[in-house]
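**Q** Questions regarding the structure given below will be posed in turn.
The values are calculated or read from the model by the stated rules, or taken from the named source; none is laboratory data. Quick caveat, the model's predicted, so the values are computed rather than measured. Every residue, glycine as well, gets a Cβ built from its backbone with ideal geometry; the counts of neighbours run over all protein chains shown.
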Amino acid sequence: MRHLFWALCLISCLSCRERESDINLFNTPYRIFTDLPALASFQKVVDTVIYGSDYDPIYRMLHLRDNRSHLIVFDSIAYDSLFQRTYYAMDTLAIPHLRTQEMITMGYCYLGDAQDENIIAIVEKTDSIKIKRIISAWQANPISGKIEPMELSQRLHCVNEFYKGNSTSFP
């Protein structure tokens with residue numbers, strides 16, 4: 001019985017350590033994502049900043065990937081006295097491995113006629129400027145500090161950031 005008690009204590013402590021490392025992602029300021037052990041195995045795909053109404057960006061969405069999945073990190077941005085950026089992770093969105101015909105787009109979607117830089121979407125790849133099929137969408141909410149799922153509607157549409165054609169206007 002005594003061995004069972006100590007085994008349960010050990011398992012409990014190990015579980016707490018795993019939770020601590022997850023919590024450290026959200027409590028640790030960083031300048032480069034690889035400085036955080038929880039993100040060190042990922043590679044950067046792209047990032048985009050969110051200005052809100054400020055002149056300088058106040059939030060960032062960072063798209064990372066490893067061999068198994070994609071990870072979107074929603075950061076707040078703070079500046080030091082030398083105007084160097086420090087990031088604080090507010091929320092994350094894990095996306096399992098995408099199908100060959102799918103891609104993630106951030107900051108290239110519109111609600112109605114207004115571009116919404118806070119939208120993250122899984123879309124079907126296309127050769128045209130307008131994305132024809134949005135599979136899933138989320139919105140980074142600066143007020144809640146969370147990445148929240150969005151309902152797909154006729155008002156939501158995205159453009160192909162990799163479009164190489166001649167059109168300069170959005171259809």
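**Q** Could you list, in sequence order, all residues of segment 128-150 that are out of contact with any Asp or Glu (no Cβ under 8 Å at 6 or more places or on another chain), without any contact (Cβ under 8 Å) to a residue 12 or more places away in the chain and either surrounded by 14 or more Cβ atoms within 10 Å (Cβ to Cβ) or of a type in the set (D, E, K, R) (or both)?
**A** If the condition is that a residue be out of contact with any Asp or Glu (no Cβ under 8 Å at 6 or more places or on another chain), without any contact (Cβ under 8 Å) to a residue 12 or more places away in the chain and either surrounded by 14 or more Cβ atoms within 10 Å (Cβ to Cβ) or of a type in the set (D, E, K, R) (or both), then GLU148 is the only one that fits.
**Q** Out of segment 75-97, which residues are within 25 Å of TYR163 (Cβ to Cβ) and either among the basic types (Lys, Arg) or at pLDDT below 95 (or both)?
**A** HIS97
**Q** Moving on. Since ALA121 meets every condition but one in (1) outside any loop (DSSP other than H, G, I, E, B); (2) at pLDDT below 95; (3) of a type in the set (Gly, Ala, Ser), which condition does it not meet?
**A** All conditions are met except number (2).
**Q** For ARG99, only one of the following conditions fails: (1) in a loop (DSSP other than H, G, I, E, B); (2) within 29 Å of ILE32 (Cβ to Cβ). What is its number?
**A** Of (1) in a loop (DSSP other than H, G, I, E, B); (2) within 29 Å of ILE32 (Cβ to Cβ), only one is false for ARG99: (2).
**Q** Given (1) of a type in the set (D, E, K, R); (2) at pLDDT below 95; (3) within 13 Å of the chain's Cα centre (by Cα), identify the lone condition not met by ASP113.
**A** That leaves (3) as the condition not met.
**Q** Somewhere in segment 139-150, is a residue over 28 Å from PRO37 (Cβ atoms), of a type in the set (S, T, N, Q), assigned to a strand (DSSP E or B) and modelled with pLDDT under 95?
**A** no
Listed here are the residues, each with its yes/no results for (1) closer than 15 Å to TYR59 by Cα; (2) touching a strand residue (DSSP E or B) at 6+ places or on another chain (Cβ under 8 Å); (3) not basic (Lys, Arg).
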{"position": "ASP91", "(1), (2), (3)": "yes, yes, yes"}
{"position": "GLY107", "(1), (2), (3)": "yes, yes, yes"}
{"position": "TYR110", "(1), (2), (3)": "no, yes, yes"}
{"position": "THR126", "(1), (2), (3)": "no, no, yes"}
{"position": "PRO149", "(1), (2), (3)": "no, yes, yes"}
{"position": "TYR163", "(1), (2), (3)": "no, no, yes"}
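**Q** What residue, among those in segment 1-56 that are assigned to a strand (DSSP E or B) and surrounded by 13 or more Cβ atoms within 10 Å (Cβ to Cβ), is modelled with the lowest pLDDT?
**A** Restricting to residues being assigned to a strand (DSSP E or B) and surrounded by 13 or more Cβ atoms within 10 Å (Cβ to Cβ), the top hit is ILE50.
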